[in-house]
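**Q** This is the structure I have questions about; it appears just below.
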Amino acid sequence: MPKNDIPNELRYTATHEWIRGAGDELSLGVTPFFRDDLACVLAVELPEIGRKVEAGESLALIETAKTATDVYAPCAGTVLAVNHALERDPSLLHRDPWQTWIASIRLEGILPNNALLDATRYREHLA
């Protein structure tokens, strides 16, 4: 995937998660750069609804043919919803990574903007 295809409306973490939303409800997914082998995703372990997470804490787990990789919460909050479609078809993360969300989180406190990258800074991070 070309780096110029990175959506400008999202925010990113250095560990390749994306965040979408306004106010205190945010959706979280992973970028195509999260794993080079997302085509081999075998399973996604989703968090429980109602679970409280801290920024930087493992929120979900993506299992591929080669490894299992944590997806980290970009902020402290409570899990409001999870994308159950990933349990049936984990390859959605490969086919449409910019639209396939993993979990929705209600933000607690302030979103750490200094920890989040805009599209320009994320492109630089990938370089």
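The values are calculated or read from the model by the stated rules, or taken from the named source; none is laboratory data. As the structure is a prediction and not an experimental result, all values here were calculated from the model. Reconstructed Cβ throughout: ideal geometry from the backbone, glycine too, with neighbour counts over all protein chains shown.
Here's the yes/no breakdown for (1) in a loop (DSSP other than H, G, I, E, B); (2) modelled with pLDDT of 95 or more:
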| position | (1), (2) |
| --- | --- |
| T15 | yes, no |
| P47 | yes, yes |
| L59 | no, yes |
| I62 | no, no |
| P74 | yes, no |
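**Q** What about E48, is it out of contact with any Lys or Arg (no Cβ under 6 Å at 6 or more places or on another chain), of a type outside the set (A, V, I, L, M) and under 16 Å from F33 (Cα atoms)? Full working, then the answer.
**A** Numbers: out of contact with any Lys or Arg (no Cβ under 6 Å at 6 or more places or on another chain): yes; of a type outside the set (A, V, I, L, M): yes; under 16 Å from F33 (Cα atoms): no.
No, not satisfied.
**Q** Residues in the range 85-120 that are loosely packed, with under 13 Cβ neighbours inside 10 Å and over 19 Å from A73 (Cβ atoms): how many?
**A** Number satisfying all stated conditions: 8.
**Q** Considering the range 15-47 alone, what residues qualify as being buried (at least 16 other Cβ atoms within 10 Å of the Cβ) and among the small types (G, A, S)?
**A** Selection gives G21, S27, G29.
**Q** Right, here's the next one. Please name all residue pairs, on different chains or six or more residues apart, with Cβ atoms under 6 Å, provided the first residue is in the range 85-101 and is more than 13 Å from S27 (Cβ to Cβ) and the second residue is among the charged types (D, E, K, R).
**A** Short answer, once both residue conditions are applied: none.
**Q** Let me ask another. With respect to G50, is the statement that it is over 27 Å from A127 (Cα atoms) and loosely packed, with under 13 Cβ neighbours inside 10 Å true?
**A** Criteria met by G50.
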